[in-house]
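In what follows, a structure is listed as C-alpha cells, so that the remarks can point back to it.
Coordinate-derived values only; no laboratory data. What you are looking at is a predicted structure, and each value in this text was computed from that prediction instead of being measured. No Cβ is skipped: glycine too gets one built from the backbone with ideal geometry, and neighbour counts run over all protein chains shown.
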Amino acid sequence: MNNFIVFEGICCSGKTTTCKLLGEKLNELGYESIYNHGAMTYTDVGREFKEVTSKKDLPISVVYFFTDLIINTQKIIKPHLENQNTIVLQDRYYDAISTYINAYGEYCGSDYNIYRVPEVLVENDLLIKPTLKIFCIPPFEIIKERMEQSKTSTVHDFYRQHPKFLNQVYDELEKKAKEGTDSIIIDTSSSISVDESIEKVLNFIKN
C-alpha cells in the first residue's frame, strides 16, 4: 500500500482544501484515510511551541517546528502507518518549512539552506520519506489575491507586508516541486486541474 501522501504548498495555495477533497474521494472508494495537520497541532508540547514561535525569530522557529514534527511523526504518523490499509494524508511536512527558511535567508542576504537536515532525519528514521508529494501551486497572482483576503496571523501579515519575500517563497517551493520524480503539481486555481490531479493520485494508490 502506498500510504503516506504529503501535501505541500505556500499559505493560501489550496493544499488543505485539496487534501481533504482527496480524503473524501478515498473514503468513498472504501479506503481508510487519516488527515494529519502536522507539526504544532496535536500534542501539548506542539501547542506550547506554537505559542513560543510567534514570538521568536524565524530561524529559531524552525528548530521548534522540526522538533515537534519528529514527535508528530513518531507518535502519530508511524502508528497510523502500521495499519497497511490506512492512508495518511499529511498537510505539510518538511519541504514547506525548508523552502520557507531558505527563501528567508535569500531575502535577508544570509545562507539559511537546511535541505540536508530533513534528509538526515529521514535517513535516521526520525522522519518518513513520503510515498508521494503533492505540491499545490496555483499562479502567483492567485496566491497574492487569496493572501490579501486571508486571516490575520504572524505569517500571513509578514507576507502581506513583504510581497517580495512572498514571491521568493513561491519560487523556491515551485523549484523544489520540480526536482523530484515522486511528486505531482496541482494548479489549485482550476477545478479541472484539481480533479485531474486527484484522479492521478487515486490511480497511483490503486496501482
Note to self: So if I take the alpha carbon set of the chain, get Rg, then get Rh from the Kirkwood formula, what is the Rg over Rh ratio?
What the structure shows: 0.94
Note to self: I need the phi-derived Karplus couplings for the stretch 127-142: 6.51 cos²θ - 1.76 cosθ + 1.60, θ = phi - 60°, integer Hz, Gly and Pro marked x.
What the structure shows: 10, 10, 6, x, 5, 8, 10, 10, 9, 8, 9, x, x, 4, 4, 5
Check: Residue by residue through the stretch 44-50, which ³J(HN,Hα) values in whole Hz follow from phi under the Karplus form 6.51 cos²θ - 1.76 cosθ + 1.60 (θ = phi - 60°), with glycine and proline marked x?
Finding: 4, 5, x, 5, 5, 5, 4
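Give me the tail of P(r) for the stretch 1-121 as a percent: Cα-Cα pairs with distance above 16 Å.
Working: 4703 of 7260 pairs.
Of all Cα-Cα distances in the stretch 1-121, 65 percent exceed 16 Å.
What longest range of the chain stays clear of loop-exposed GluC sites (Glu not before Pro) (DSSP non-H/G/I/E/B, at most 11 other C-beta within 10 angstrom)?
Values: sites that count: Glu82, Glu179.
Longest run free of exposed loop sites: 83-178.
What full-extension length gain, to one decimal in nm, is calculated for Leu21 and Gln149 as 0.36 nm per residue of separation minus the Cα-Cα distance? Walk me through the intermediate numbers first.
On the way: separation 128, 0.36 × 128 = 46.08 nm, distance 2.21 nm.
Length gained, Leu21 through Gln149: 43.9 nm.
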Next item on the list: Would you grab the residues whose amide H sits under 5 Å from the one on Glu32? Only those 5+ places off in sequence or on another chain, please, with H modelled 1.01 Å from N.
Entry: Ile87
Next item on the list: List the trypsin sites (Lys or Arg not before Pro) within the stretch 117-192 that fall in a DSSP loop (any state other than H, G, I, E or B) and whose Cβ has at most 11 other Cβ atoms within 10 Å.
Entry: Lys151, Lys178
Next item on the list: Would you please give the residues with an amide H less than 5 Å from that of Phe135, counting only those at least 5 places away or on a separate chain, with H modeled from the backbone geometry?
Entry: Glu8, Ile184, Ile185, Ile186
Notebook entry, point to check: If you put +1 on each Lys and Arg Cβ and -1 on each Asp and Glu Cβ, how big is the dipole of the chain around its Cα centre, in Debye rounded to 20?
Noted result: 220 debye
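What percent does the relative contact order of the stretch 80-162 come to when contacts are Cα pairs within less than 8 Å and at least six residues apart? Don't skip to the answer; put the middle values down first.
On the way: 31 pairs, mean separation 10.2, N = 83.
It comes to 12 percent, rounded to a whole number.
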Next item on the list: Could you list Met147, Met40 in order of exposure, starting from the residue whose Cβ has the fewest other Cβ atoms within 10 Å?
Entry: Met147, Met40
Check: Mean projection of the alpha-carbon convex hull of the stretch 76-160 over all orientations, in nm²?
Finding: 7.6 nm²
Next item on the list: Could you work out the Rg to Rh ratio of the stretch 2-52, with Rh taken as the Kirkwood radius (inverse of the mean 1/r over all Cα pairs)?
Entry: 1.05
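What pairs from Lys75/Lys178; Lys20/Lys175; Lys25/Lys133; Lys25/Lys129 go past 22 Å between their alpha carbons? Working shown, then result.
On the way: Lys75/Lys178 31 Å; Lys20/Lys175 25 Å; Lys25/Lys133 18 Å; Lys25/Lys129 24 Å.
Flagged as over cut-off: Lys75/Lys178; Lys20/Lys175; Lys25/Lys129.
Taking the stretch 1-88, which trypsin sites (Lys or Arg not before Pro) meet the DSSP loop condition and have no more than 10 other C-beta atoms within 10 Å? Mind dumping the intermediate values first?
Details: sites: Lys15, Lys20, Lys25, Arg47, Lys50, Lys55, Lys56, Lys75; in loops: Lys55, Lys56.
Answer in residue order: Lys55.
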